[in-house]
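Step one of this worksheet: look at the structure below.
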Amino acid sequence: MIELSSLYMFIAASFLLCLAPGPDNIYVLTQGMTKSKKAAIITTLGLTTGLIIHTSAAAFGISVIFQTSEVAFNIVKYVGAGYLLYIAYQAFKYRNEPLDLSVQNSSSELKKLYIKGFIMNILNPKVSIFFLAFLPQFVTPANGNIPLQMITLGFVFMLMTIVVFSSIGVAGNMLSSKLLEKPSIVKYMNILTSFVLVSLGLKLALSSR
């Protein structure tokens with residue numbers, strides 16, 4: 001249903017967008033650096049699952065609410081910013097704890113990371129607006145069933161996100177694996193994670209539609 005030429009352009013554009021430094025891939029990078037490769041990948045999956053919500057919202061027009069209602073936009077925005085500041089506090093609070101990969105890779109800890117990634121993504125209304133603006137550029141109205149075309153494009157974008165973000169997280173872990181053996185470095189990396197999250201929270205809180 002989607003023109004092949006449009007699909008190829010969409011894949012290229014999606015790859016570049018995923019690769020460009022942004023709140024989500026920076027967060028995945030810090031997870032890879034301060035925790036483990038598996039933690040980075042699970043965080044990526046959580047963030048990507050959130051894209052299902054945004055894709056559906058864009059496909060069925062729900063994102064228009066965020067574009068037209070400043071109150072709705074601000075409510076979701078401030079809740080999302082508050083959540084980022086909360087997990088930043090958690091990272092700073094436990095900055096002196098030694099790195100224990102057996103704990104970091106436990107099923108309960110990975111589940112928490114997945115949920116964090118999911119909540120971070122769905123509480124960013126700018127993602128819904130971005131999808132509403134981005135996906136239709138590659139839709140062919142003449143082929144009919146526009147919502148299905150947008151959902152298909154959203155699925156492709158999710159696959160690109162998984163590949164690129166996971167690679168970023170794994171690369172970050174490989175670069176920092178030796179440094180993490182030093183307890184003092186682990187402390188400063190946790191502080192760095194906290195700083196990144198605070199920055200992202202403030203950026204979201206101060207953003208406009």
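Filter region 168-188 down to the residues that are at pLDDT 65 or above, among the hydrophobic types (A, V, I, L, M, F, W, C) and within 30 Å of V79 (Cα to Cα) and list them by number.
Of everything in region 168-188, those that are at pLDDT 65 or above, among the hydrophobic types (A, V, I, L, M, F, W, C) and within 30 Å of V79 (Cα to Cα) turn out to be I168, V170.
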* Asked: Mind checking which residues of region 35-45 are open to solvent by 10 Å² or more (accessible area, probe 1.4 Å) and assigned to a helix (DSSP H, G or I)?
  -> K37, K38, I41, I42, L45
* Asked: How many of the residues in region 46-78 are modelled with pLDDT of 75 or more, part of a helix (DSSP H, G or I) and open to solvent by 60 Å² or more (accessible area, probe 1.4 Å)?
  -> 6
* From the list V163, V127, V156, V170, which residue is open to solvent by 50 Å² or more (accessible area, probe 1.4 Å), in a helix (DSSP H, G or I) and among the hydrophobic types (A, V, I, L, M, F, W, C)? -> V163
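The values are calculated or read from the model by the stated rules, or taken from the named source; none is laboratory data. Remember, it's a predicted structure, so these values are computed and weren't measured experimentally. Please note that ligands, DNA and RNA were not included when accessible areas were found on the heavy atoms of the full protein model with its side chains. Shrake-Rupley method; radii C 1.70, N 1.55, O 1.52, S 1.80 Å.
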